[in-house]
2 protein chains.
Amino acid sequence: MFSPLLNELIQSLRVLPGVGPRSAQRMALFLLERNRPGGARLGDVLLRAMTEVGHCQECRTLTEEPVCRLCANTARDRSQLCVVESPADVLAVEQSGGYRGLYFVLAGHLSPLDGIGPRELGIPDLMTRLGRGEVRELILATNATVEGEATAHYIRESCRDSGLQVSRIAHGVPMGGELDGVDSHTLARALSQRQQI
Amino acid sequence: MFSPLLNELIQSLRVLPGVGPRSAQRMALFLLERNRPGGARLGDVLLRAMTEVGHCQECRTLTEEPVCRLCANTARDRSQLCVVESPADVLAVEQSGGYRGLYFVLAGHLSPLDGIGPRELGIPDLMTRLGRGEVRELILATNATVEGEATAHYIRESCRDSGLQVSRIAHGVPMGGELDGVDSHTLARALSQRQQI
């Protein structure tokens, strides 16, 4: 029922995660009827971002600069390196307020069936960096999923002979959580890793 | 925490209806990490659509062509004209499968406080078109809201002396709906507009 260009716009909006046919239609009509300047600005920024945003030479996070602002920040503690799966995880750790070191972004986890091995995650680059000797503690903050655990395990094994201090973030009952609402797998972990107080 | 261009992308995505800060961040990272060609295509289509899509000279719906495909379709019944509030409503009526006439899209409803009067809704154009004599029945299909009802009432009054057949779509209990789940305002309307069978 819509014109070819309007149909193309609705189809194109469906590349966005969580946007189905109804939302895509609502978004297209909203922009055309109410906010054409906003829509044009989004189009322009999308085109620039898709070509200009690359990866930080140091930590592999997404940035259009050669080295990201966190890696370039001389106030950060260069002896700690926190390994995470995605740029969003960097934000999550920063927002926790409890970390002043640097990051290394794998951009995924080991997934041999999808052809994602150590090379795709930049693990050789990570080893080269650890070899430079600046980092003294490696904090593995991959997700608490099967793939995240396997990836953490692989990295732990890869630097077994480096003499580096390697740690894994703690898993257990979330703060504010009630025992009743926690799955048994998490609770078993919380019990087995209990700490003396 | 993100680079300036990535922050700009996240901010720009928030012009989309229903997209808050978390979804905008998820969308930006998803496009950059998984679907740059799709993101670039969306950027290109957005820029073209925001400048090229205008309004049909006949029915005022959104289209990049001078006259939309529905208005240009000679198989449609030119004696019936259905007045709706938005291009999405044209789609809704078409999908009902029960209408073969043409449309007139107001692109809104009367809303004096927002400066939307008859002129902004193209009602003078509608009257000119009705004056051409091709249309014999005018079907008012504005929303069943206070504003939609007021708009339908205004148009009904405006063509009081035209000798035109004017109708309003029926309001009542939705098909498949149970009386128990229908609000009392709708049920009162369904009762007062009961039809002999």
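The values are calculated or read from the model by the stated rules, or taken from the named source; none is laboratory data. Here the structure is a predicted model, which means the values were calculated and not measured. Here the Cβ positions follow ideal geometry from the backbone for every residue, glycine too, while neighbour counts run over all protein chains shown. Just so you know, the surface numbers come from the protein's heavy atoms only, side chains and all, with ligands and any DNA or RNA stripped out. Shrake-Rupley method; radii C 1.70, N 1.55, O 1.52, S 1.80 Å.
Structural remarks
- Report summary: the helix-based calculation at 222 nm, which adds -39500 (n - 2.57) for every DSSP H run with n ≥ 4 and divides by the residues of chain B, gives -13000 deg cm²/dmol.
- Among chain A residues, the beta-carbon with the smallest distance to the axis carrying A onto B is reported, with distance in whole Å, as A:G43, 2.
- For A:A92, inter-copy label distances in nm, listed shortest first [label point 7 Å out on the Cα-Cβ vector]: 3.9
- Chain A - percent relative contact order, Cα under 8 Å, separation 6 or more: 13 percent
- The range A:91-197: trypsin sites (Lys or Arg not before Pro) in DSSP loop, at most 15 other beta carbons within 10 Å: A:R100, A:R119, A:R132, A:R136, A:R160, A:R194
- Ligands, DNA and RNA are left out, and with a 1.4 angstrom probe the accessible area of the protein assembly as shown is 55 Å² per residue.
- Eigen-decomposition of the gyration tensor built on the alpha-carbon atoms of the protein assembly as shown gives equivalent ellipsoid semi-axes of 58, 26, 17 angstrom, largest listed first.
- Mean separation of Cα pairs under 8 Å and 6 or more residues apart, divided by the residue count, gives the range B:62-168 a relative contact order of 28 percent.
- Solvent-accessible area lost on pairing A with B (1.4 Å probe, both sides summed) amounts to about 5100 Å².
- Distances in nm from B:S167 to the matching label points in the other copies, shortest first (labels 7 Å along Cα to Cβ): 7.5
- Over the range B:105-193, the hull volume per residue, using the convex hull of the C-alpha atoms, is 124 Å³.
- Given chain B, longest segment not containing exposed loop GluC sites (Glu not before Pro) (DSSP; at most 13 other Cβ within 10 Å): B:1-133
- Antiparallel content of DSSP bridges confined to the range A:35-168, in %, to 5: 20 percent
- Rounded if a/c under 1.5, otherwise prolate or oblate - the range A:4-52, Cα gyration tensor axes: oblate
- A Förster distance of 30 Å, applied to the separation of the beta-carbon atoms of B:R14 and A:E120, puts the FRET efficiency at 0.40.
- Remark on A:H109: its backbone amide H falls under 5 Å from none of the residues 5 or more positions apart or on other chains, H modelled at 1.01 Å from N.
- Sorted shortest first, the distances from the A:D183 label point to those of the same residue in the other copies are 4.1 nm; each point sits 7 Å from Cα along Cα-to-Cβ.
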